[in-house]
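Everything below concerns the one structure shown next.
Just so it is clear, none of the values below were taken in a lab; they were calculated from the coordinates. Everything quoted here is computed from the prediction, not taken from an experiment. Here Cβ is always computed from backbone atoms with ideal geometry, including for glycine, and neighbour counts include all displayed protein chains.
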Amino acid sequence: ELAKFRQRGPFEWVMPATGRMRVPGVIYASRDLIEAMDEKVAEQVANVASLPGIVGASYAMPDAHWGYGFPIGGVAAFDADEGGVVSAGGVGFDISCGVRTLHTGLKLADVEAAKARLADVLYARIPAGIGSTGALRLSAAGLDAMLHGGARWAVKEGYGSEADLARIEESGCVAGADPSAVSDMAKKRQRDEMGTLGSGNHYLEVQVVEAVFDTAIAQAYGLAVGDVVVSIHCGSRGLGHQIGTDYLREMVIAAPAGIALPDRELACAPLKSKLGQRYLGAMRAGINCALANRQILTHLARAAFADVFPRVRLPLLYDVSHNTCKEEMHRVGEERRRLFVHRKGATRAFGPGHAELPREFREAGQPVLIGGSMGTASWILAGAAGTEERAFGSACHGAGRAMSRHEALRRWHGRNVVDELAARGILIRSPSFRGVAEEAPLAYKDVGAVVEAAEQAGLAVKVARLKPLVCVKG
Ligand code: 5GP
Ligand code: MN
Ligand code: MN
């Protein structure tokens, strides 16, 4: 399938629309990345291109790898007026999984002097791992308020401040959430999971800015070499997963006549159908849950830092999600159209001048927060000018897996990974050695090559490279 992609630019590969495809497929990647890419990505990009109402093209980002139905690293936009659909598999199970990065005001030397203690305090304060629960218990009414209010609700409950909200996508709360469309099972799973990191690839990491690539943007973001930051990667926990499971099942069962799916994992519903609308309402509740969750985790991280550095505050740089379907206006040819943009393992990356951005970032473009791995670099990019025409204002979200978890488990032992990283000055704290092995740095693609491709393809601009110091892993 990858052979069907023809090179259109050094970092752009196009599969013309043939057969059932309604639009072309486009992969943004270097030759090396595309040659190493999972064959399934091409097939999945082509499958997505066959869905009704898709606009422009079916895209994959340079970190793309195989996913459920849609590739992880996939972007696709649909027009409701042209029979467009919404797909639970096109959002992903961890609804609104995302990354936020906080400033600490500390320099590397400050943190090096207290690193082990900081790691221990963070690990003690941040609930991590499968089935971990938080200190918060929500009543039914409290849960609904959270699903409506997102990070805005969390701030009202005393987690963080109003100033945080301005630095969150959608100001911390997406409109149109419908808690009544969320099953009791999903709600039950979330009652005691607020303020928890979850397992696997989710992390809270203390990082140092190792290099700056665009001084003007770095300055606008308040970043300089030697600055220590904290990044939190997690999503909507059990609630989001259950919403995904519930609606995927419904979408399979309701499969409307007239939508012939090349793959049952692409189950979807017309945006204008009752089911499509209910899913959007539930998914938006899931987004608010993730935003609230990251807000509470921020509060816990602040408390942990205060234990070690009493005078330090942790203002938010930015919070952006990478598993969503969002209603946005986009220029398509000569028109401006209202589209439903699925980004699954893809980060929103609005370019300079976008009205959605906080005023202080308007000129620089949106911060794009990219995980790498616990042993390599992570990155802060900025949405590039012209990214809207390339992938509806989107960029990569990480390094992307280079191998399955299973394969990683075969190759590495968690304890060795922790020891080797400790020898390099990177402290890992995790309840699960198995999880650490699955997430070993070499299980991921070369994040440097991925962000280089994102930049060369015109999706985002490199701003700063971060090196891990402490990683609390789920
Ligand atoms: P995903 O959202 O697809 O689960 O993961 C996003 C990205 O996070 C992955 O593609 C990977 O590059 C990155 N990542 C996974 N584990 C870690 C970690 O422990 N630390 C950092 N900095 N990045 C990670
Ligand atoms: Mn994620
Ligand atoms: Mn996630």
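Remarks
- Sites V252 and A385, calculated FRET efficiency, Cβ-Cβ separation with R0 41 Å, nearest 0.05: 0.50
- Proximal aspartates and glutamates relative to K344, as straight alpha-carbon distance under 12 Å, when same-chain residues fewer than 8 apart are discounted: D63, D94
- Shape of segment 164-214, Cα gyration tensor, a/c cut at 1.5: oblate
- Excluding same-chain neighbours fewer than eight residues apart, the aspartates and glutamates reachable from K107 by a Cα-Cα span under 19 Å are E205, E210, D227, D307.
- For the residue pairs K4/K473; K40/K462; K115/K326; K272/K445; K274/K473; K40/K326, the alpha carbons lie more than 31 Å apart in K4/K473; K115/K326; K272/K445; K274/K473.
- Least to most buried among D120, D419 (fewest other Cβ within 10 Å first): D419, D120
- Summed side-chain charge close to T298 - residues other than T298 whose Cβ falls under 12 Å, Lys, Arg +1, Asp, Glu -1: +4
- The packing ranking, built from the mean of other Cβ atoms within 10 Å per residue, places the peptides 294-303, 184-193 in the order 294-303, 184-193, highest first.
- About its Cα centre, the dipole of the chain is roughly 740 debye, where the only charges are +1 on Lys and Arg Cβ and -1 on Asp and Glu Cβ.
- Using R0 = 25 Å, the C-beta based FRET efficiency linking E112 and N416 works out to 0.55.
- Helices assigned as whole DSSP H runs in the chain whose Cα atoms extend at least 27 Å along their own long axis and whose mean Kyte-Doolittle hydropathy is -0.5 or higher are found at 274-308.
- Computed from the alpha carbon atoms alone, the convex hull of segment 222-361 holds 167 Å³ per residue.
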